[in-house]
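The block underneath contains the structure these notes are about, expressed in structure tokens.
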């Protein structure tokens with residue numbers, strides 16, 4: 001085989017191997033910091049305290065090989081921090097194991113090196129702003145220094161198993177206590193509504209076990225360094241790096257599953273939209289055929305009957321037949337409005353709802369229509385669903401509620417449309433509603449189906465002689481929402 005072919009084959013193996021390495025998901029920048037005087041003073045005092053503690057505690061010389069290993073491992077672990085759970089705001093890394101191990105094995109100088117390396121790795125991974133990095137570095141150094149002091153006070157220079165295990169556990173506990181309470185201070189200053197004790201308690205449930213495990217692992221690192229020097233610390237880093245790799249694989253698979261789920265949701269929404277559009281098109285076709293065929297024929301029959309009503313001996317019968325035919329035409333026209341609504345986007349939601357309310361007003365029922373301005377400009381699925389739900393609800397009011405007043409209110413917020421239909425009718429109980437369903441009256445079930453098919457939810461509250469309130473929440477995505485002037489300008 002030629003050397004060039006061997007080189008190409010070797011390069012192909014490397015590319016295939018690199019393709020199997022899990023990729024870090026891209027992460028957006030965090031929320032910007034709101035600089036208040038209290039927060040700046042708090043972080044400034046914390047940084048000054050950390051600098052003062054470093055000046056007093058850090059001493060040279062130190063084991064340069066041990067520090068170099070610890071610095072590299074801590075940087076790599078921090079630079080591969082991952083968001084393990086979809087939607088969670090926290091990032092996970094096994095750097096605490098290397099960080100605490102280097103602190104207990106090398107002392108304050110190890111804590112300082114670990115803090116600098118971790119901040120560099122975190123900044124490279126998450127592009128952390130300098131102010132947050134300053135707080136994180138101060139917090140981590142003070143918590144690491146406190147854990148080293150506790151460990152050194154209990155274990156001293158000995159590596160006996162009993163005292164060492166206790167010292168390691170307490171070192172992990174102290175590191176967590178200092179870290180979480182300093183972080184709770186920032187939370188309280190930036191979000192005064194946060195309940196600090198609850199925040200600390202939730203953190204204890206999810207994070208404290210890792211700090212305790214890191215304390216025990218750090219004691220193991222002290223034993224290994226005592227017996228094997230820097231090479232012993234390398235033995236500690238191997239399982240820690242493997243743990244980080246498992247977190248990376250888990251995060252990569254979770255991210256891929258989330259992307260697939262989002263793709264399925266978009267596909268489902270597209271299919272639903274197409275189904276609704278096809279359904280509307282079919283209803284319009286049927287309505288057009290009825291209008292152009294049956295209704296026109298019946299209208300011609302009515303005119304003929306009325307024309308013959310003046311003939312002798314046939315007048316009364318003809319008039320009755322004409323009146324009956326006219327009633328059939330009215331019913332057909334009502335049916336046409338139900339199965340084929342008007343062009344909602346052309347006439348707007350307010351006009352369409354008022355058209356639905358006209359038959360009730362003709363029957364003596366007072367109907368109030370309130371459509372907030374943003375909601376009146378909504379298009380697409382949300383518009384159709386709002387019309388259909390209101391149509392069915394008003395039909396139920398006309399047939400069963402015996403109401404004197406009905407109010408239809410439509411508003412919009414950042415999450416979608418809010419539809420409320422309230423009447424002062426006779427109301428009903430859950431048992432009566434069940435009986436109506438068994439008897440074949442499916443109006444309320446149909447309303448639930450309409451809301452669900454549009455991706456929303458619906459609640460109905462009713463009581464005998466207390467009226468009925470229907471509350472629907474319907475999503476309005478960007479395609480449904482009206483374009484703002486700025487957005488319209490950018491699209492033109």
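The values are calculated or read from the model by the stated rules, or taken from the named source; none is laboratory data. Please read all numbers here as calculations on a predicted model, not as lab measurements. Cβ atoms come from the backbone with ideal geometry, glycine included; neighbour counts cover every protein chain shown.
Would you say residue 331 is on the phi < 0 side of the Ramachandran plot and either modelled with pLDDT of 70 or more or within 37 Å of the chain's Cα centre (by Cα) (or both)? Answer is no for this residue.
Quick test for you: out of 244, 202, pick the one residue that is free of Cβ contacts under 8 Å to residues at least 40 places away in the same chain and in a helix (DSSP H, G or I).
Values: 244 fails: free of Cβ contacts under 8 Å to residues at least 40 places away in the same chain.
Residue meeting the stated conditions: 202.
If you check 430, 403, 439 for being over 14 Å from residue 382 (Cα atoms) and modelled with pLDDT of 85 or more, only one passes: 403.
Would you check if residue 59 is more than 21 Å from residue 249 (Cβ to Cβ) and out of contact with any helix residue (DSSP H, G or I) (no Cβ under 7 Å at 6 or more places or on another chain)? No, not satisfied. Return yes when residue 110 is without any contact (Cβ under 8 Å) to a residue 60 or more places away in the chain and at positive phi and no when it is not. Judged against the criteria, residue 110 is not a match. Counting only helices (runs of 4 or more DSSP H) wholly contained in segment 338-418, the ones carrying 2 or more residues that are surrounded by fewer than 16 Cβ atoms within 10 Å (Cβ to Cβ) occupy 344-347, 349-362, 373-376.
Here is a yes/no grid of residues against (1) under 30 Å from residue 66 (Cβ atoms); (2) in contact with a helix residue (DSSP H, G or I) (Cβ under 6 Å, 6 or more places away or on another chain):
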site: 233; (1), (2): yes, yes
site: 237; (1), (2): yes, yes
site: 240; (1), (2): yes, yes
site: 243; (1), (2): yes, no
site: 249; (1), (2): yes, no
site: 252; (1), (2): no, no
site: 257; (1), (2): no, no
site: 272; (1), (2): no, no
